[in-house]
Amino acid sequence: MLVQRTAALCGTLKGASLSKAILPVNCRCGFVLQTASYNPKRLWLNLRDPYIPDKESDKTPEWQKTSRYDRKLFGRYGSASGIPPASLWPSSEELEKIIAEEKEWHPPLEVMLKKIEARQQEETEKRLAKEKLIAANMAKMPKMVEDWRREKREAKQKLKEEKERKAKLLAEAQERFGYKVDPRSPKFLEMVAEIEKEEKKKRKLLKRRQKEAQAAAPPAAQP
């Protein structure tokens, strides 16, 4: 019994492997046969009694009264539509519009070449202007770097002087009040305002003395 079950299982596996090997071929053949046997539904046209809308009737939709719909009817029914072929040609206005659209969207080769040449010329001019600007900026680069370094040195020197001035003011405040003062305290701010006021007076007095000295100096002898 064990041998029979083993043989049956082997047969089942063999059949499954054969079906897997044959299945793609059968599927491909079935797809080819299905494609070859495809028969689209025919478009039945009633040529004996076609539907021709009455343009004089108010019940007829406006889109069925247009020349575009007349062309569609003539293309479907031909002479049975009762539409004269001469009426299907575009009018003078429509023809001018078609010609204008043709010139706009499909210009002649000479016009296209001129446009390409003009565009290339414009791109060349833009490139040359950009290169000229880059060259000018590169020529200014050493001076710009020097100015930047000078400004950096000046800012550093100014910060150093400000720190020294603050330390000097704190030392003067400690000497005046006998203890360390918070630089944000009203006493310290009042002291700084007084010192600045005194310095302003000194500068003003020095400037006036310089003017008096210049006025009292004898004029230079002319040759």
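About the centre of its Cα atoms, the range 76-158 shows a dipole size close to 1260 debye [charges on the beta carbon of Lys, Arg (+1) and Asp, Glu (-1) only; nearest 20 debye]. Kirkwood-type hydrodynamic radius, the range 139-181: 12.6 Å, calculated from all non-identical alpha-carbon pairs. Between the residues Ser79, Ser67, Ile99, the greatest Cα displacement towards the positive end of the dipole of the range 62-105, with unit charges on the Cβ of Lys, Arg, Asp and Glu, is found for Ser79. Projecting the Cα atoms of Gln157, Ser185, Ala216 onto the charge dipole of the range 120-223 (Cβ charges, centred on the Cα centre) puts Ala216 farthest toward the positive pole.
Within the same chain, aspartates and glutamates fewer than 8 places from Lys204 are excluded, and of the rest, those with a Cα less than 20 Å from its Cα are Glu194, Glu196, Glu212.
Solvent-accessible surface of the range 62-105, taken per residue with a 1.4 Å probe and all protein chains present: 81 Å².
Quick one: with all protein chains in place, what share of the accessible area of the range 117-223 is carbon or sulfur, to the nearest percent (1.4 Å probe)?
Working: 5800 of 10390 Å².
Carbon and sulfur atoms account for 56 percent of the accessible area of the range 117-223.
Treat every Asp and Glu Cβ in the range 79-223 as -1 and every Lys and Arg Cβ as +1, leave all other atoms uncharged, and give the resulting dipole magnitude about the Cα centre to the nearest 20 debye. Don't skip to the end; give the middle numbers.
Details: 36 positive and 28 negative charges, 487 e Å.
Rounded to the nearest 20 debye, it is 2340 debye.
Does the range 110-223 come out rounded, prolate or oblate by the C-alpha gyration tensor, with a ≥ b ≥ c the root eigenvalues, rounded set by a/c under 1.5 and, if not, prolate when a/b is larger than b/c and oblate if not? In terms of gyration-tensor shape, oblate.
Given a 1.4 Å probe and every protein chain left where it sits, what share in percent of the accessible area of the range 62-105 is carbon and sulfur? Carbon plus sulfur share of accessible area: 57 percent. Applying a DSSP loop filter and a limit of 11 other Cβ atoms within 10 Å to the trypsin sites (Lys or Arg not before Pro) in the range 115-223 leaves Lys180, Arg184. For a straight C-alpha distance cut-off of 23 angstrom, the lysines reachable from Lys72 (same-chain residues fewer than eight places away being disregarded) are Lys41, Lys55, Lys59, Lys97.
Overall, the range 62-105 carries a charge dipole of about 340 debye about its Cα centre when +1 sits on the Cβ of Lys and Arg and -1 on the Cβ of Asp and Glu, all other atoms neutral. The spacing between the range 178-215 and the range 91-113, judged by their C-alpha centroids, is 85 Å.
The values are calculated or read from the model by the stated rules, or taken from the named source; none is laboratory data. Keep in mind it's a predicted model, so treat the numbers as computed, not measured. As a convention, Cβ positions derive from the backbone with ideal geometry for all residues, glycine included, and neighbour counts pool all protein chains shown. What goes into the accessible areas is simple: the full protein's heavy atoms, side chains included, and nothing from ligands, DNA or RNA. Shrake-Rupley method; radii C 1.70, N 1.55, O 1.52, S 1.80 Å.
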